[in-house]
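Here's the structure, in structure tokens; my notes come after.
What follows draws every value from the coordinates through simple rules; no lab data is involved. For clarity, every value in this text was computed on a predicted model and none was experimentally measured. A quick note on method: Cβ atoms are made from the backbone with ideal geometry, for glycine too, and the neighbour counts reach across all protein chains shown.
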Amino acid sequence: MTRILLAEDDDSLRGFLTRALERAGYEVRACADGEEALDALPEAQWDLLLTDIVMPGADGIEVARQAAVVQPELRIMFITGFAAVALAARESAPQGAKVLSKPIHLREIVAEVERMMAAA
């Protein structure tokens, strides 16, 4: 089963994403912020990091950088509501990372995750 490490500081969005991805057949470890996601990295061999970029503490870019060092094969997908942050993320994110802009429908995120996992 595909394992997704999800880092999103918005409680309701994190819950919606977790349920949508679990319904699509993924195993999801939901984290409330970047620090929690970094702590969760050693828990499993993750297939995908799905992270918000702007979070208190460790932001999504930092989580992705550290995750890519620990698990080089990890696929990375960012979600953000800030256009300028999305542009900056494209330049500073690990190679191959995908950036999705909020608002985005849950079905779109699930479809993007499916495309990313199928491309592996």
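For the ranges 49-57, 106-114, 61-69, what's the packing order if you count other beta-carbon atoms within 10 Å of each residue, average per peptide, and put the highest first?
Numbers: 49-57: 21.4, 106-114: 15.6, 61-69: 19.7.
So the order, starting with the most tightly packed, is 49-57, 61-69, 106-114.
Using the crude model of +1 on Lys and Arg Cβ and -1 on Asp and Glu Cβ, and no other charge, please compute the dipole size for the chain relative to its Cα centre, in debye to 20. Spell out each step's value before the answer.
On the way: 12 positive and 20 negative charges, 104 e Å.
Dipole size: approximately 500 debye.
When the helix-only estimate is applied to the chain (DSSP H runs of n ≥ 4, each -39,500 (n - 2.57), divided by the residue count), what is the mean residue ellipticity at 222 nm, nearest 500 deg cm²/dmol?
About -13500 deg cm²/dmol.
Give, to the nearest whole percent, the P(r) tail of the chain beyond 19 angstrom, counting all Cα pairs.
When every Cα pair of the chain is considered, 38 percent fall beyond 19 Å.
Compare the Cα positions of A7, V70, G81 along the charge dipole of the range 3-104 (+1 at Cβ of Lys, Arg; -1 at Cβ of Asp, Glu; about the Cα centre) and return the one farthest towards the positive end.
G81
I'd like the FRET efficiency for D39 and M1, computed as 1/(1 + (r/R0)^6) with the beta carbon distance as r and R0 of 22 Å, rounded to 0.05.
After rounding, the FRET efficiency stands at 0.50.
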